[in-house]
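Reviewing the structure listed below.
The values are calculated or read from the model by the stated rules, or taken from the named source; none is laboratory data. Everything numeric in this text was worked out from a predicted model, so none of it was measured. Glycine gets a Cβ as well: all are built from the backbone with ideal geometry, and neighbour counts include every protein chain shown. We work out accessible area using only protein heavy atoms, side chains counted, and drop any ligands, DNA or RNA first. Shrake-Rupley method; radii C 1.70, N 1.55, O 1.52, S 1.80 Å.
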Amino acid sequence: MTLPTTPHQALLGILEQYSPRRVLCVSPEPIPAVLAWGAENPESERIETHQVPLPAELSNQRYDLAIIADQLERLDKRTGIELLAGLRNLSVSRMAVLVELQHAPGWQDIDFFGLAMQRQGRFDRDERHLSLFTYDLSQYKSVPDWLNSKYWANPELFGKYWW
């Protein structure tokens, strides 16, 4: 497996991995990777907006994947955190954020880690340095080692009763 060398390849890899039915794109311009993937997967629905905060008709829906690109650089940090945390908590289980940190006022890697995101890549081209952060609820926390019948006082009752 080769690692993606461009943001376009990385986003296409995420889209192919999850095959989302509904994709929310928050970006001032259409995202080329999403357009390319959508052309190959016409059954998927692509919802695009550049408005932040999201309009009410978009913020009260569920999406399989949200992609935020070239947006945090245009917002103050508080509004950006509200956007990411709101999507993560209410609208999506998976999210990808493409950001040019040196042009995003006040943002650092640790801010994304604090939102339970992981860095998936860094892409350098000419004077641009883009970072890709992702969030996937299913990979957020692994099942603890102690959560099984072996560590219970009455292992024969594990899974039978819920208090």
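Numbers below:
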| quantity | calculated |
| --- | --- |
| Selection from region 89-105 of residues that are open to solvent by 50 Å² or more (accessible area, probe 1.4 Å) and in contact with a helix residue (DSSP H, G or I) (Cβ under 8 Å, 6 or more places away or on another chain) | L90, R94, H103, P105 |
| L90 being modelled with pLDDT of 95 or more and not in a loop (DSSP other than H, G, I, E, B) | no |
| Top-ranked residue of region 106-134 - restricted to ones that are more than 22 Å from Q9 (Cα to Cα) and in contact (Cβ under 8 Å) with a residue 12 or more places away in the chain, ranked as surrounded by the fewest Cβ atoms within 10 Å (Cβ to Cβ) | G106 |
